[in-house]
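Q: First the structure, then my questions, so here it is.
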Amino acid sequence: MKKINYINKALVLLAVISVMFACERGLSDDVEFASFPTTGDIFTDAPVGLTDEFFVSFDPAGGANTQGFGTDDNVAFEGSSSIRIDVPAPNDPNGGFIGGIFLDRGTGRDLSGYDALTFWARASTTASIGLFGFGTDFVENKYSVGKSDTQLSTDWRKYTIPIPDASKLIQERGMFIFSAGTNSTNGFGFTFWIDELRFENLGTIAQSRPQIFGGQDISQQAFTDTTLPVTGLAQIFNLEDGSNTTIEPAAAYFDFESSNLDVAIVNEQGEISIIGEGTAVITAQLNGVLAEGSLEVTSIGSFQFAPVPTEDPASVVSLFSDAYTDIPVSRYNSFFEPFQTTLGGVVPVADQSIISYTDLNFVGIVFNDVIFPAEAVPPINATNLTTMHIDVNVQEAVQSGDRLLLELTNYGASETVGSYLINGSELVQDTWVSFDIPLSSFAGLTDMSRIGLLLFNSSDSSNNPTISNVFLDNIYFY
Amino acid sequence: MNNIRIRKKQTMKTLLIGLIMLVSLSSCNTDEAQTVATFDNLVLEDNFNNDGTIDTTIWNFDIGDGTAQGIPGWGNNELQYYTDRSDNATVENGFLLITAKQEEFNGAQYTSARLQTKNKFQQQYGRFEARIRLPYGQGMWPAFWLLGDDSDGSIWPQIGEIDIMENVGDEPIQIFGTVHGPGYSGAESVSKSYTLEGSRVDTEFHVYGIEWGPNYINYYIDDVLYNQITPEDIDEATNGQGEWVFNDRPFYIILNLAVGGNLPGPPNAETEFPQTMLVDYVRVYQQ
């Protein structure tokens, strides 16, 4: 949409230039760029300038209930009618939550003269609505704004959602978005009403305090040719009643800056591309106000991937590899409570992914139907397989006594466990080491028909963790 | 500002209802016959145009937490320690900046500044006005006000107090003007608030002023006259017990930014520091 607008402007400009060349006249005062309607009203007693569908629901396939939306001629804050939304219980056969957007019926509105979306609302019981906002059009969602967890009362009250930077909204179709469930009502459905929904120029939206990375100054390592998102986008405003309100603006409202364009660049979607070795600090402004929070990213060069596996895919059962199609796995980090300290899991690197564990003591890759019934997946029948492959890259100095014990658990009539010990002397810091381990070397693994857990344990005989930080890749049986 | 009190917004409302009732009885009343401003002789002007320099031929600093003056917490349980450091008061870009900071200082958790013109500029009657942008946030308590000269040994509230503009930082669209005197001081003071439409006190400059003459004080913000207080109003508010003390003596000017205290309550976790009150000018006119 923005492109079209630019084209419009370009055409006007071309026309102006051609007039100038043809007649050698100055710019006429009458020349105006194409502009869009500035209507602020969205719903008063009826929808104002919205599409015929009026309400465009979230995808019912994702659980959205399309039945609970309508208007109510018996309830209104002003006039004769209001929007009525019946929030379903989670087990409602028509869908367990309700939400969607209102779209402008034209090509968009110019909202640059407003500073807030406002509406009046009440609910059948005190309840919190998960999301209110605007700027979502189900196409680009470029200038989306959301406000989380707005508590409604049983009487009519006015709610205000500030516009982060109205100068961006010269052609916006996403007039309103909401999403509501029953988290705040213990699963009991309820009704809420919205009236007098409009964009307004209040003149009292003030003290903008934008944030990136949740307002924190953080440092992170990264590899060249990878991307990182700018996370934790927020903006705090002070409203006319003196209260602060926090909204979540889309990245496109921010102007991002990298202190070192040879190391990192940021696009308007808030995606940081690491393009060279060195350190860069990522900061941002929103409408001229410096955002709290920053990221100091240090690239130590390109990521060295593990050797590409060469086994025939037809003979491979893969748990984790970009070279093969992985079987369903319920967890790449078991988060076993309460003794596991291991953090991390699958992390994307460039166009691939690896497993990165930090604070390792022990951790499991879980692929069975026993430990976490809610996440059950079939275990592996390895009776016709002979070998397990794994690539290991230790992310710290390897010391004497370091070890990594691999344990496979078979969930047969009884659980049987087989183990194989990798000694620290076999591992090298910051270097991929490949292991092809005969399953017969997993001492104690008598039954291999239902293997469903691969556990990594770095603890020594005194139960002290040795290796803490490790990358893993290409874990498969063949 | 200098004694314990609670704001009473209702006083003037009650009074106005009384005035409205009077309208039906009498064709001439104080509400209709507000005295028109005729103060056009400029006698004091500080435009704060000398960066880094506060003009000490006009301004004194009040220092400390009020203990030395015999009123710890400046009589209102305020939390700040006033200093004359440039951290708390300076002139920049043509504005006087009074800045409240959150810092440990001589036993206080906050510092700020209070400037006054005692014995340097004092005047009875006239038009007193200042163009100010206020700070914001729970616990902020900025004020532009006048106190009567006490060199004859009189003490507050006999000397009188005219609060031209006060605000609490959690009400960014509202200011209030107040008078204190014998029989109507502190919690019993006579006050009226004004609520801005489509504007705030912390994002824009507004002109706050009074026109003060014999037997009247007119309060205005920008070009809006929002209140007039006369001896009749004081009589009405105090059942005849209050004494009009604003025909008695010259008054001096005070500009300050208090933190916490009985009226605004203390700052909370959402209060942003530092907070600055910007004064574009202070002007006083005579007839």
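Q: For the stretch A:220-240 and the stretch A:355-395, what is the separation of their C-alpha centers, rounded to whole Å?
A: About 32 Å separates the Cα centre of the stretch A:220-240 from the one of the stretch A:355-395.
Q: Follow-up. Per q in 0.10, 0.18, 0.21 1/Å, what log10 I(q)/I(0) does a Debye calculation on the alpha-carbon atoms of the stretch A:250-361 return?
A: With no solvent term, the Cα-only Debye profile gives -0.49, -1.02, -1.10.
Q: In degrees, nearest 10, range 0 to 90: what is the angle between the Cα axis of helix A:2-23 and the longest Cα principal axis of chain A?
A: Compared with the principal axis, the helix lies near 50 degrees.
Q: In addition: With the cut-off at 1.5 for a/c, could you classify the stretch A:206-302 from its C-alpha gyration tensor as rounded, prolate or oblate?
A: Prolate shape, in that a/c is at least 1.5 and a/b is the bigger ratio.
Q: Still on this model: With the cut-off at 45 Å, report for chain A the share of all Cα pairs above it, as a whole percent.
A: 33 percent
Q: Work out the count of Lys pairs in chain A where the Cα-Cα distance is under 13 Å, with the pair 8 or more places apart or on different chains.
A: 4
Q: To continue, here is another question. In percent, how large is the relative contact order of the stretch A:206-302, given Cα pairs closer than 8 Å and 6 or more residues apart?
A: 38 percent
Q: How much net charge surrounds A:Ser318 when only the other residues with a Cβ under 10 Å from the Cβ of A:Ser318 are counted, with Lys and Arg +1 and Asp and Glu -1?
A: -3
Q: The stretch A:71-88 to the stretch B:194-232: how many Å between their Cα centroids?
A: Their Cα centres are 42 Å away from one another.
Q: What distance in nm separates the simple spin-label points at A:Ile327 and A:Ser459, each placed 7 Å from Cα in the Cβ direction?
A: 2.7 nm
Q: Fewest Cβ neighbours within 10 Å first, please rank B:Val201, A:Val417 accordingly.
A: A:Val417, B:Val201
Q: State the three equivalent ellipsoid semi-axes of the stretch A:136-208, derived from the C-alpha gyration tensor as the square roots of 5 times its eigenvalues, in descending order and whole Å.
A: Values: eigenvalues 129, 57, 26 Å².
The answer is 25, 17, 11 Å, longest axis first.
Q: Just in the stretch A:297-352: which chymotrypsin sites (Phe, Trp or Tyr not before Pro) are loop by DSSP and have at most 10 other Cβ atoms within 10 Å?
A: Those that pass, being in a loop and sparsely packed, are A:Phe339.
Q: Treat every Asp and Glu Cβ in the stretch A:313-477 as -1 and every Lys and Arg Cβ as +1, leave all other atoms uncharged, and give the resulting dipole magnitude about the Cα centre to the nearest 20 debye. Working shown, then result.
A: Details: 3 positive and 18 negative charges, 60 e Å.
Magnitude of the dipole: close to 280 debye.
Q: Averaging sequence separations of C-alpha pairs under 8 Å and six or more residues apart, then dividing by the length of chain A, give the relative contact order as a whole percent.
A: About 11 percent, as a whole number.
Q: As an exercise, use a Förster radius of 51 Å and the Cβ-Cβ distance of A:Asn183 and B:Asp223 to find the FRET efficiency, rounded to the nearest 0.05.
A: So the FRET efficiency works out to roughly 0.50.
Q: Any chance you could give the angle, 0 to 90 degrees and rounded to 10, that helix B:10-25 forms with the longest Cα principal axis of chain B?
A: Tilt of helix B:10-25: around 20 degrees.
Q: Let me ask another. Given the options B:Phe105, B:Phe128, B:Phe246, which has the most mean-square fluctuation in a GNM of chain B, springs set between C-alpha atoms less than 10 angstrom apart?
A: Answer for the Gaussian network model of chain B: B:Phe105.
Q: With a ≥ b ≥ c taken as the square roots of the eigenvalues of the C-alpha gyration tensor of the stretch A:313-477, please select rounded if a/c is under 1.5 and otherwise prolate if a/b is larger than b/c or oblate if it is not? Kindly include the intermediate steps, with their values, before the conclusion.
A: Numbers: a/c = 1.37, a/b = 1.26, b/c = 1.09.
Note, shape of the stretch A:313-477 comes out rounded.
Q: Any idea how far the Cα center of the stretch B:133-191 sits from the one of the stretch A:417-478, in Å?
A: Measuring centre to centre over Cα atoms gives 76 Å.
Q: So, one more: Evaluate peptide A:204-210: per residue, the Cβ atoms of other protein chains within 10 Å of its Cβ; return the mean as an integer.
A: Counting Cβ atoms of other protein chains within 10 Å of each residue's Cβ and averaging gives 4.
Q: Only four residue types carry charge here, +1 at the Cβ of Lys and Arg and -1 at the Cβ of Asp and Glu. Report the dipole size of chain A about the Cα centre in Debye, rounded to the nearest 20. Don't skip to the end; give the middle numbers.
A: Details: 19 positive and 59 negative charges, 101 e Å.
The dipole magnitude comes to about 480 debye.
Q: Taking 8 Å as the Cα distance limit and 6 or more residues as the minimum spacing, I'd like the relative contact order of chain B as a percentage.
A: 30 percent
Throughout, read-outs are computed from the coordinates displayed, never taken from laboratory work. None of these values were measured; they are calculated from a predicted model. Cβ sites come from the backbone with ideal geometry, for glycine too, and all protein chains shown count toward neighbours.
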